[in-house]
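Okay, structure first, notes after.
The values are calculated or read from the model by the stated rules, or taken from the named source; none is laboratory data. These numbers come from a predicted model, not from an experiment. When we count neighbours, we look across all protein chains shown, and the Cβ atoms used for this are built from the backbone with ideal geometry, even at glycine. Please note that ligands, DNA and RNA were not included when accessible areas were found on the heavy atoms of the full protein model with its side chains. Shrake-Rupley method; radii C 1.70, N 1.55, O 1.52, S 1.80 Å.
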Amino acid sequence: MILIVYQGTIILSSDFLLDNIVYIPYNSYRIYTIFLGCDKLQFEIEFYDENDVEFVKDFILEQDNKMQAKIFHNLELLELEGNFLREPYSKHLEDGIFELRNKVGNDITRILYFFVIGQKIILTNGFVKKSQKTPKSEIDLAKKRRNNYLNR
């Protein structure tokens, strides 16, 4: 079942199966997927930290206000949809590393992350995208931080 909520009021309830991606053109709508009569669990987002430095949080705060708003909106979608979030918001890169895709005008940023058992998402690193392909060094950094996280 799909519920679309606007300002606390259910405006659409649907029992039919939709595609994996539902596009709603207005940012103020909330989409809730209901399984077996109960709300789908939200995911917990955590910033990877090393020596009390949260790399992604620092990266987000370095961005301009519009990009920060876009990133926070997409993080909220990620928190709600988790592993169901697909393009254009999220994309699997390789070996369990995903990217959160943020674009404002011609500015493009990416935040890399991975999933941990228990509805957890760990944000590892962020960067400004300047080329067509995600740099291998950024993917390798995300993998290294994932390994460090899992071995704590």
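Return yes when Glu99 is touching a residue at least 24 places away in the same chain (Cβ under 8 Å) and either open to solvent by 10 Å² or more (accessible area, probe 1.4 Å) or of a type in the set (Val, Ile, Thr) (or both) and no when it is not. Judged against the criteria, Glu99 is not a match. Among the residues of segment 74-81, is there at least one that is within 24 Å of Asp52 (Cβ to Cβ), charged (D, E, K, R) and in contact with a strand residue (DSSP E or B) (Cβ under 7 Å, 6 or more places away or on another chain)? So far as segment 74-81 goes, yes, one or more of its residues are within 24 Å of Asp52 (Cβ to Cβ), charged (D, E, K, R) and in contact with a strand residue (DSSP E or B) (Cβ under 7 Å, 6 or more places away or on another chain). Going through (1) modelled with pLDDT of 95 or more; (2) assigned to a loop (DSSP other than H, G, I, E, B) one by one, Lys103 falls short only on (2). Might you check whether a residue that is in a helix (DSSP H, G or I) and modelled with pLDDT of 50 or more occurs anywhere in segment 35-49? No, segment 35-49 contains no residue that is in a helix (DSSP H, G or I) and modelled with pLDDT of 50 or more. Pairing each residue of segment 118-143 that is part of a strand (DSSP E or B) and modelled with pLDDT of 95 or more with any residue that is among the polar types (S, T, N, Q) and surrounded by 13 or more Cβ atoms within 10 Å (Cβ to Cβ), provided the two are 6+ apart or on different chains, yields C-beta distances under 6 Å for Val128/Thr109. Within segment 7-26, is there a residue that is modelled with pLDDT under 50, open to solvent by 50 Å² or more (accessible area, probe 1.4 Å), in a strand (DSSP E or B) and aromatic (Phe, Trp, Tyr)? Scanning segment 7-26, I find no residue that is modelled with pLDDT under 50, open to solvent by 50 Å² or more (accessible area, probe 1.4 Å), in a strand (DSSP E or B) and aromatic (Phe, Trp, Tyr), so the answer is no.
Six or more apart or on different chains, Cβ under 8 Å: which pairs go from a residue in segment 54-71 that's open to solvent by 70 Å² or more (accessible area, probe 1.4 Å) to one that's assigned to a helix (DSSP H, G or I) and at pLDDT below 95? Could you list them? Cβ pairs passing all conditions: Leu61/Gln68. Residues in segment 72-90 that are part of a loop (DSSP other than H, G, I, E, B) and among the charged types (D, E, K, R) were compared, and the one that is surrounded by the fewest Cβ atoms within 10 Å (Cβ to Cβ) is Glu87.
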